[in-house]
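J.: Please see the structure below; I have some questions.
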Amino acid sequence: MMSMNTYEIIIVGGGPAGLAAAIEAHKGGSQKILVLERDRELGGILMQCIHNGFGLHIFREELTGPEYAERFIREMESLGIEYRLDTMVLELRDDRTVDIISSEHGFETLQAKAVVLAMGCRERARGAINIPGTRPAGIYSAGAAQRFVNMEGLMVGKRVVVLGSGDIGLIMARRMTLEGAKVLAVAEILPYSGGLTRNIVQCLDDYDIPLYLSHTITNIEGRDRVEGITIAKVDATRQPIPGTEIHYDCDTLLLSVGLIPENELSKSAGIRLDPVTGGPVVNECMETSVAGIFACGNVVQVHDLVDWVTEEARKAGHHAARFAQGQLKEGSPDLVTRAGHGIRYVVPHTIRVGNLEQEVDLMMRVTEPCKNKNLVVRHGETLVKKVRKVHLTPGEMESIKIPVEKLQGLSGELNVCLEEVAHEA
Amino acid sequence: MKRELICIVCPMGCHCSIEVDATAPKGYTFSGLTCKRGEDYAIKEITEPTRMLTSTIRIEGARLPRLPVRTSSAIPKERIYECMGMINALRVTGPVSMGQVLIKDLFGTGVNLIASRSL
Ligand SMILES: Cc1cc2nc3c(=O)[nH]c(=O)nc-3n(C[C@H](O)[C@H](O)[C@H](O)COP(=O)(O)OP(=O)(O)OC[C@H]3O[C@@H](n4cnc5c(N)ncnc54)[C@H](O)[C@@H]3O)c2cc1C
Ligand code: SF4
C-alpha cells in the first residue's frame, strides 16, 4: 500500500511536456500519478502563445497554443489523473523525494518511484547580454510582453524596437503592430535570423517592419522610461562599426535573445547537465544521470515545435512507467552520441541498446545554416545512417531515426556529422 | 509588373520573382522557385493573399480579463485591420467554450471568429 504522500510517478510542470508525459505514463499502466504546476492553470507557456502554428504533426491541423494545450488537458482530466495548481516544487533529491509548497497545503515532502522533469525554459534576461546605456523602464523580455498583452490585456508600449529575431520576437512584432503600436525595427546580431522564414514573411514583411541582420543595440537613452535606442551594424567579430548607427525615438525595447532550460531543481538533485543544451544529459529513455528521474520538453533542449515536445514527453512518460514497474534495464550505456562536424549537440547523449523497443530517435541542431549536405551517423568508419538534407538551419531541429537492429552489438561512440554530398559521376 | 516574394510553403524559403506573362502556361513567369508548389503559392500571394488572424477580446465573468480568439480559416489579407476593429469592439461574458463562434461569417467569406480556449 502506498501512503498518502507516495506516488508512482510525480511530474514537475504542467505544460505540454508534463501533460503528455502524464497521459503516456497512465497508458503505460501507472496508477498513482501526480502533476505539480506552480501556475494558476495547466498548459504552460502555450496559454500565452495565442498565434497559430501548433499541432501540424500531432493533430494534422493548425491550432493556437491554448487550443493545443486544451486538448491534452481534457484528455488528462478524462483519465482522472491527479494534478495540483499553485504548487511550487522547491527541491528535488536523488532519492526521488520532492519538497513542495502551496497556499492550500503548506509545505510537504512527497516520494515517487519515478520523477519526470518538465519545467520548461526561461528567457535570457538583459543582464545576460551586455547593452550599454541606462536601465530605464520599458524594457521587457518578449515572452513577458506576450503574457502581459495576451493574457492580462496590458499594452506594454507604443513605439517599439525588438532585439533578437527568434520566433518569439517576430511573433510579438506582429502582435504589437496589430494592437496599434509602431514597431520600428528588429535588430539581429547574427547574419541570419533564428526564426522561421514563415514568421519573417508573415510577421515582419506583411507589416513592413524592417529586419536588420548583423546589427546590435549600441545605446539606450532615457532616465525613467526608454526614450531612444541606437542600433549599429557589427563586423565579423560582432563589434559595432562606427558610422553605421541608426537612431529611433521609442518607449519600449523587447528582448528576444534566447531561452535557457530551467534546471535549478535538476542541479539540486545532482543531475549532470550538458553545457551546450543547458539541459540534463539523458539516455535513450529520456532518463537523466540520476536513476528514475526522467526529463522532457524545453527543460532538456529548447524546442521550436511543440509537436516534438509532445513526442519527447510521451517517450519520457512511457519509460518512467516502465521504470516504476521495474522493467527498465539499468547499467552503463553501450553507446555515447557525439556531435561531430557541423552539429551543435545531439540528444539523447547515451544509449543502452537493450532498452530500445524499435528505434532510437536522435535529435540535433546544426551550427550554421547550410544547403545540400548529408546528415550522417557513423560508428567508427562504418556508416550507420545517411540522410540527404536540402536545407538545414540552427532554428529547426533535425532528427534521425535508427532502427534497433542497426545498433545491436555496438559499443563506443556514435558520431553525428555533416558531410558533403559526393558528386554523382 | 514584377513582384519579389519569399515562398513559405516549405522550409527552403526560396526567394523568387513573379511577373504577369499572358503567353506563359499559367499566365505568369517565375524565377528563383525550386518546385511547382511554389508557383501556386506565388500566384495566390499576388492575386488573393489570405492570412489567419489571431488576437484577444475582452471577457467578463472569467478568471482572466482576455479571451484568445482566431479566425476559423484564413481571411483576405487586406481585411486584417478591419477585422481587428471588430475584434476590439467585441465584449463577451464567460463562460465561453473552445471553438464557440463569436462573430459569424466575417465579410461574407463564410469564415467565423471563434474562441481559442474555454474560459
Ligand atoms: C514564447 C514562445 C513561443 C512559442 N511559439 C511556438 C510556435 O509558434 N509553434 C510551436 O510549435 N512551438 C512554439 N513554442 C515552443 C513550444 O511552445 C514550447 O517548446 C513548449 O511549450 C514547451 O513545453 P514544456 O512543457 O517543455 O514547457 P512549458 O510550456 O514552459 O511548461 C513548463 C511548466 O512547468 C512549470 N514549472 C516550472 N518550474 C516549476 C516548479 N519548480 N514547480 C512547479 N511547476 C513548475 C511552469 O509553470 C510551466 O507551466 C514557443 C515557445 C515559447 C516560449
Ligand atoms: S518553391 Fe518549392 S522548394 Fe522553394 S520554398 Fe516553395 S515549396 Fe519550398
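J.: Restricting to segment A:17-52, what's the tally of residues that are in contact (Cβ under 8 Å) with a residue 40 or more places away in the chain, within 11 Å of ligand 1 (Cβ to nearest atom) and either in contact with a Lys or Arg (Cβ under 6 Å, 6 or more places away or on another chain) or within 14 Å of chain B (Cβ to nearest Cβ) (or both)?
T.: Here the count works out to 14.
J.: Where in segment A:259-360 are there strands (runs of 3 or more DSSP E), lying fully within it, with 3 or more residues that are crowded, with 23+ Cβ neighbours inside 10 Å and within 21 Å of the chain's Cα centre (by Cα)?
T.: It comes to A:293-295.
J.: Another question, then. For segment B:74-87, does any single residue satisfy the condition of being touching a Ser or Thr at 6+ places or on another chain (Cβ under 6 Å) and within 16 Å of ligand 1 (Cβ to nearest atom)?
T.: Within segment B:74-87, none of the residues are touching a Ser or Thr at 6+ places or on another chain (Cβ under 6 Å) and within 16 Å of ligand 1 (Cβ to nearest atom).
J.: Out of the residues in segment A:241-258 that are assigned to a loop (DSSP other than H, G, I, E, B) and of a type outside the set (G, A, S), state the one that is surrounded by the fewest Cβ atoms within 10 Å (Cβ to Cβ).
T.: A:P242
J.: Checking B:P11 against (1) within 16 Å of ligand 1 (Cβ to nearest atom); (2) modelled with pLDDT of 85 or more, which test does it fail?
T.: Here B:P11 clears every test but (2).
J.: Right, next: Looking for something over 25 Å from the mean Cα position of the chain (by Cα), over 30 Å from A:G29 (Cβ atoms) and within 16 Å of ligand 2 (Cβ to nearest atom) - is there at least one such residue anywhere in segment A:365-383?
T.: yes
J.: Another question about this same structure. Which members of segment B:60-71 meet the condition of being within 11 Å of another protein chain (Cβ to nearest Cβ) and surrounded by fewer than 18 Cβ atoms within 10 Å (Cβ to Cβ)?
T.: B:R63, B:P65
J.: Anything in segment B:33-67 that is hydroxyl-bearing (S, T, Y), closer than 25 Å to B:I87 by Cα and away from ligand 1 (no atom under 16 Å from the Cβ)? List them, or say none.
T.: B:T50
J.: Given the options A:G180, A:G157, A:G228, A:G153, name the one that is under 20 Å from B:G85 (Cα atoms) and in contact with an Asp or Glu (Cβ under 6 Å, 6 or more places away or on another chain).
T.: Just one listed residue meets the conditions, A:G157.
J.: Does A:Y192 count as under 24 Å from A:Q239 (Cα atoms) and of a type in the set (F, W, Y)?
T.: It is true that A:Y192 is under 24 Å from A:Q239 (Cα atoms) and of a type in the set (F, W, Y).
J.: Let me ask something additional. If I ask for residues that are among the small types (G, A, S) and either in a loop (DSSP other than H, G, I, E, B) or surrounded by fewer than 18 Cβ atoms within 10 Å (Cβ to Cβ) (or both), which ones from segment B:1-59 would you list?
T.: Within segment B:1-59, B:G13, B:S17, B:A22, B:A24, B:G27, B:S31, B:G32 qualify.
J.: Filtering segment B:60-73 down to residues that are under 21 Å from B:F107 (Cβ atoms) and not in a strand (DSSP E or B), which residue is modelled with the highest pLDDT?
T.: Checking each candidate, the answer is B:S72.
J.: Let me ask another. Might you let me know whether segment A:301-312 holds any residue that is farther than 30 Å from A:M155 by Cα, away from ligand 1 (no atom under 16 Å from the Cβ) and away from chain B (no Cβ under 14 Å)?
T.: No - not one qualifying residue is present in segment A:301-312.
J.: Just to be sure before I move on: is A:L90 more than 22 Å from the chain's Cα centre (by Cα), modelled with pLDDT of 95 or more, away from chain B (no Cβ under 14 Å) and not in a helix (DSSP H, G or I) in the structure I sent?
T.: no
J.: Kindly provide the set of residues from segment B:73-90 that are within 11 Å of chain A (Cβ to nearest Cβ) and in contact with a strand residue (DSSP E or B) (Cβ under 9 Å, 6 or more places away or on another chain), ordered by number.
T.: B:S73, B:A74, B:K77, B:I80, B:C83, B:M84, B:I87, B:N88
J.: To continue, here is another question. Of (1) in contact with a Lys or Arg (Cβ under 6 Å, 6 or more places away or on another chain); (2) aromatic (F, W, Y); (3) within 16 Å of ligand 2 (Cβ to nearest atom), B:F107 satisfies all except one. Which?
T.: It fails just one condition, (3).
J.: Looking at B:T29, B:T93, B:T71, B:T109, which is the one that is of a type in the set (V, I, T) and assigned by TED's automatic domain parsing to the domain that holds B:V9?
T.: On inspection, the qualifying residue turns out to be B:T29.
J.: Separate question: Scanning segment A:50-91 for residues that are surrounded by fewer than 22 Cβ atoms within 10 Å (Cβ to Cβ) and among the acidic types (D, E), which turns out nearest to ligand 2 (Cβ to nearest atom)?
T.: This residue is A:E62.
The values are calculated or read from the model by the stated rules, or taken from the named source; none is laboratory data. Not measured: the values here are computed from a predicted model. Ideal geometry is used to build each Cβ from the backbone, glycine not excepted, and the neighbour counts take in all protein chains shown.
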